[in-house]
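Heads up: the structure comes next, in C-alpha cells.
The values are calculated or read from the model by the stated rules, or taken from the named source; none is laboratory data. The structure presented is a predicted model; accordingly, all values stated were derived computationally and were not measured. Every residue, glycine among them, receives a Cβ derived from its backbone with ideal geometry; neighbour counts consider all protein chains shown.
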Amino acid sequence: MLLHENGHFYKNGQLIAADGADEASIEAGRAKTMAYQIIKAHNTSQSMKDLRLKFDAICSHDITYVSIIQTAKASGIKHFDMPYVLTNCHNSLCAVGGTINADDHRFGLSAAKKYGGIFVPPHVAVIHQYMREMMAGGGKMILGSDSHTRYGALGTMAIGEGGGELVKQLMGKTYDVGYPEVVAIRLTGKPRPGIGPQDVALSLVSEVFNKRFVKNRILEFIGPGIHELDQDFRNGIDVMTTETTCLSSIWETDDTVKNWLAIHGREADYKQLAPSEGAYYDRCIDIDLSQIESMIALPFHPSNAFSIHELNDNLDDILAEVEANGQKQLDGTNLKLNLRDKVHDGRLYAQEGSIAGCAGGTFGNIRAAAHILDGNAVVSKDFPLSIYPSSMPIYQRLVDTGEASSMMTAGAIFKTAFCGPCFGGGETPANNALAIRHTTRNFIHREGSKPQEGQLSSVALMDARSIAASALNGGAITAATDLDYEEPAKPIYQFNPKIYQNLIFHGEGHADGNEQLAFGPNIKDWPKFDEMPDQLLVKIAAFLTDPVTTTDELIPSGDTSSYRSNPERLAGFALSRKVPEYVGRAKTMRQAEQVRKDNGDPTEVDTTLAAIYGAMQSEFPDTDPKNVMLGTMIYANRPGDGSAREQAASCQKVLGGMVNVAREYATKRYRSNLINWGILPLLNQNFDAQTGDYLYLTGIHEFLEQDSDSLTGYLYHDGVWKVETFDIGELTEDERKILLSGCLINLDHKEMLARIHG
C-alpha cells in the first residue's frame, strides 16, 4: 500500500502526479471527481467552498431515534419532510431496565405514524443493511445518526453524524461544512482465496489512522481492482472507512452494482459513476489487492492491525507491546490486560468468535465462512461461534441455499439481525477473555467490560474467513490463506421482498397528526437549557491525557444503551469507565449554579468556590463572581474518535458541562455534537492544568458574534491566575447562533416562535 500526500490527476485510468500544475487546472480537476458532482447536486449555497447540504434521506436506530425525535418535537416539528428510517437493531436484545427497550420501539412506531416515517421492527435488519438494500442509490446522499453510515460502494455518499444534524435536516436546515479534500483510493489486482473485505479494510485503517492521512476527507475508490470484487466485498470495505476518520466515501459503479440493485427491485436507482478525465485528487492511495494478507486488529483499536502471519511469527514481542500500550489506557484502574496468558504451544487462542452486523453479517461473508467450515466441527467447546445475518432476507437465503444448515451442523449458533457484538449490547466476553469478531470496532471497554467492577475483556477484529479458519483450529488464530481453500463461485443471491412488505411500516408522506406518541416511563423530555452567557467560570471535572479519547469512554455503550431515552439517567454514566468521579463533580457544580441563579450562595454547595471567588475579586475587581455562570469542562488531547452518538456531548450538557478543551477533535461529528448542545469546542495546544482547576472565560458573546480569532481565558492553577488563549476553529453563521442560543433546541424554538409571530 502506497500513500501519496501530493496531488494527482486522473488520466487514462492512471493517477499522475500534479507537480507544477497551475491553480486553474487544479480547480477544474476538482470538479471532475464523483464526489464533487454529487455534492454539487445537493448543495444549496452559492459557493462550492462553503457547503450547505440537503440529503435525500436520513436514518437512525433505537439508541438514537428517541432523543432525535424528542429534540425535533421540542423544536416544533409537525411532520417529516423527507424519508426517515427508524430501525431497531441496537436495543433489540438488551435486557437492562425492564420494559425500557420495548417502550422505545413502541415510541418509534408511533412517531413514524405521527410524523410520517419508515419503521423497521426489531430483529428484521441492521440499520446499514436495510439502507443498502432499500434506500441507497446512485448519486444520492444519506445522513445517519450512526458513524458507520457508509453506502459509497452503491454510489451513495453517506455521512454519520450526531442526532442534532438529523434534526437540522428535519427542520429544513442544512448540513454545513467546508468543501473537503478528496483522496483517491486506486484498487488494482485481485484478492487471493481466503482474503475478505475486513482484511483490506484493516490494512487501510492501520496505514492511515495515526497519520491523520484521510481525516475529514472524502475517499473516492477507483481502479480496475473494483471490478474483481462482488458487491458484499465492496460494502464490507466501505463500511469500515469510518475507522479511517474520513468524512464519507464514494466508489465507481458498474454492472455488479446495477445487478445487486436489480435483485432488490431497485434497478432504477442505479447510476453509473466514474471520475472524468482530468479529475484532481488532493492525495491518493494505491492498494494492490493481491498483496493483502489475512489481518487481525488487536486491542484496543482497529488501527492496531498486523498480518496474522506477522503475529504468529513474532507472537511474544507483539503481544508484549500490545499489552504495554493497552495498560497505558487502563491507567488508574486495577485492571491488567493479559494476552500472553492465552498463548499455548506457540499459538494465540481466542475464547469466542462472532460474525455480525453491517460489516460481517452480509451474505457473502457468511457464505464464505460456511464454505470454510464445510460442516466440519468447531473443534473447541470453549470457542462458541455466533452468526448474526444482517437482515432477515439474508438469513432466509442462507437457509434456502443450505449454508445456514451447514454452519449449524458445524456448531455455529445463528442469531437475529442485531448490532450488539459491535457495541457491547450482546456477546460480551467473559472476564479476561479474548473474542475475535468480524464487526466494526474493538475499542477499550466497548464490548461490555466494567473497570470499576474489576471486569475486563477484549476484542480482536478479523475477517469472517479467518474466524472460520480459527474455529476449525479450536480458536487458535489462523489465517484463512493457510487453508487449502478456494472462494466459492460468485454468490447467487435472491431477495425476498415479501419479508419487508409484511413487516415494515411505511408512513412517508402520510403523517397523521392525530396519532399520539407512545411514551414509556423511561422516555423523558430534554431539560431546559440556558443561553450562552458572556462570562463563564468552569471547573475542570476531568483531565484526560490519553492520546485519543473515544466516545465509548465519554459515554459507555452496551448496558447504558437502554437509558438513552432518559437524559438524566444516561448522564449518570458519563465517563464512568474512565473517570468515575466525573458525574459527582459535575452534579455538584450544576447544583451550585442553580443556587447562584436562585440568588443563593454557591460556596455553600462547593466550598472550593470561596477561594476562587476571593481570587477573582482580587484579580478582576470589576467582576462580581456571583454574576458569572458556573459550569464544568473536560480536557482531552484528541476526544471524539468513534461513534456518532450525540450523547457523548449531551450528557455533559445535562450535567452542566459548558466547555471542552482539546489539542484537536478526533472527528468532525464529535465537534458538531458539542456545538449542537451548546458546548464550546475550544482548542489549545499547550493547556497545562489539572482536575479541580478553574477556568474563567469572558467576552464570549463578542468572540462568537464577531467570529474573533481567539478567546482569552484565565486558568486558576496552584493559587495563581494564568492567561490562556483559545481558538475555536471555523464556525458557520448557524453554528455561532446555536452556541449563543445555548443549544440547537433553543435556536430552533426561537426561530419557530419568530415565524409564528411574524
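Can you tell me which residue within region 613-636, out of those that are crowded, with 19+ Cβ neighbours inside 10 Å and of a type in the set (Val, Ile, Thr), is nearest to Gly656 (Cα to Cα)? Applying the filter and picking the extreme gives Thr632. Just the residues that are among the hydroxyl-bearing types (Ser, Thr, Tyr) and at pLDDT 95 or above, please, taken from region 713-739. If the condition is that a residue be among the hydroxyl-bearing types (Ser, Thr, Tyr) and at pLDDT 95 or above, then Tyr714, Tyr716, Thr725 are the ones that fit. For beta carbons closer than 6 Å, sequence separation of 6+ or different chains, a first residue in region 439-458 that is touching a residue at least 40 places away in the same chain (Cβ under 8 Å) and a second that is part of a loop (DSSP other than H, G, I, E, B) and among the charged types (D, E, K, R), the qualifying pairs are His445/Arg577; Pro451/Arg577.
Count, please, the residues in region 184-213 that happen to be hydroxyl-bearing (Ser, Thr, Tyr) and assigned to a helix (DSSP H, G or I). First the steps, then the outcome.
Step one: of region 184-213, the residues hydroxyl-bearing (Ser, Thr, Tyr) are 188, 203, 206.
Subset that is assigned to a helix (DSSP H, G or I): 203, 206.
Number of matching residues: 2.
Scanning region 670-686 finds one or more residues that are crowded, with 22+ Cβ neighbours inside 10 Å, of a type in the set (Gly, Ala, Ser) and in contact with a helix residue (DSSP H, G or I) (Cβ under 7 Å, 6 or more places away or on another chain).
With Ile63, Ile68 as the choices, which residue is surrounded by 15 or more Cβ atoms within 10 Å (Cβ to Cβ) and either closer than 21 Å to Tyr175 by Cα or modelled with pLDDT of 95 or more (or both)?
On the way: Ile63 fails: either closer than 21 Å to Tyr175 by Cα or modelled with pLDDT of 95 or more (or both).
Matching residue, one of Ile63, Ile68: Ile68.
Pick from Thr712, Thr725, Thr632: which is in contact (Cβ under 8 Å) with a residue 60 or more places away in the chain and out of contact with any Leu (no Cβ under 6 Å at 6 or more places or on another chain)?
Criteria check complete, one pass: Thr632.
When the residues of region 150-180 are filtered to those that are out of contact with any helix residue (DSSP H, G or I) (no Cβ under 9 Å at 6 or more places or on another chain) and farther than 18 Å from Met135 by Cβ, the one that is surrounded by the most Cβ atoms within 10 Å (Cβ to Cβ) is Gly178. Taking Asp374, is it acidic (Asp, Glu) and touching a residue at least 60 places away in the same chain (Cβ under 8 Å)? Against the criterion (acidic (Asp, Glu) and touching a residue at least 60 places away in the same chain (Cβ under 8 Å)), Asp374 does not qualify.
Scanning region 631-677 for residues that are more than 21 Å from Leu715 (Cβ to Cβ) and among the aliphatic types (A, V, I, L, M) returns Ala644, Ala648, Ala649, Val654, Leu655, Ala666, Ile675. Within region 639-663, the set of residues being part of a loop (DSSP other than H, G, I, E, B) and at pLDDT 95 or above comprises Leu655, Gly656, Arg663. Quick check on Ala417: is it surrounded by fewer than 24 Cβ atoms within 10 Å (Cβ to Cβ), closer than 30 Å to Phe209 by Cα and among the hydrophobic types (A, V, I, L, M, F, W, C)? Considered against the rule, which asks whether it is surrounded by fewer than 24 Cβ atoms within 10 Å (Cβ to Cβ), closer than 30 Å to Phe209 by Cα and among the hydrophobic types (A, V, I, L, M, F, W, C), Ala417 comes out as no. Answer with yes or no whether Pro639 is within 27 Å of the chain's Cα centre (by Cα) and either crowded, with 17+ Cβ neighbours inside 10 Å or not polar (S, T, N, Q) (or both). It is true that Pro639 is within 27 Å of the chain's Cα centre (by Cα) and either crowded, with 17+ Cβ neighbours inside 10 Å or not polar (S, T, N, Q) (or both).
Residue under question is Ile38, and the condition is that it be assigned to a strand (DSSP E or B) and among the β-branched types (Val, Ile, Thr); does it hold?
Details: assigned to a strand (DSSP E or B): no; among the β-branched types (Val, Ile, Thr): yes.
In short, no.
Hey, among the residues in region 7-26 that are out of contact with any Asp or Glu (no Cβ under 7 Å at 6 or more places or on another chain), touching a residue at least 24 places away in the same chain (Cβ under 8 Å) and exposed (fewer than 13 other Cβ atoms within 10 Å of the Cβ), which one's farthest from Ser206 (Cα to Cα)? Ranking the candidates gives Asn12 first.
Given the residues Phe620, Phe573, which is the only one that is over 30 Å from Asn334 (Cβ atoms) and hydrophobic (A, V, I, L, M, F, W, C)? Steps first, answer last, please.
Values: Phe573 fails: over 30 Å from Asn334 (Cβ atoms).
On inspection, the qualifying residue turns out to be Phe620.
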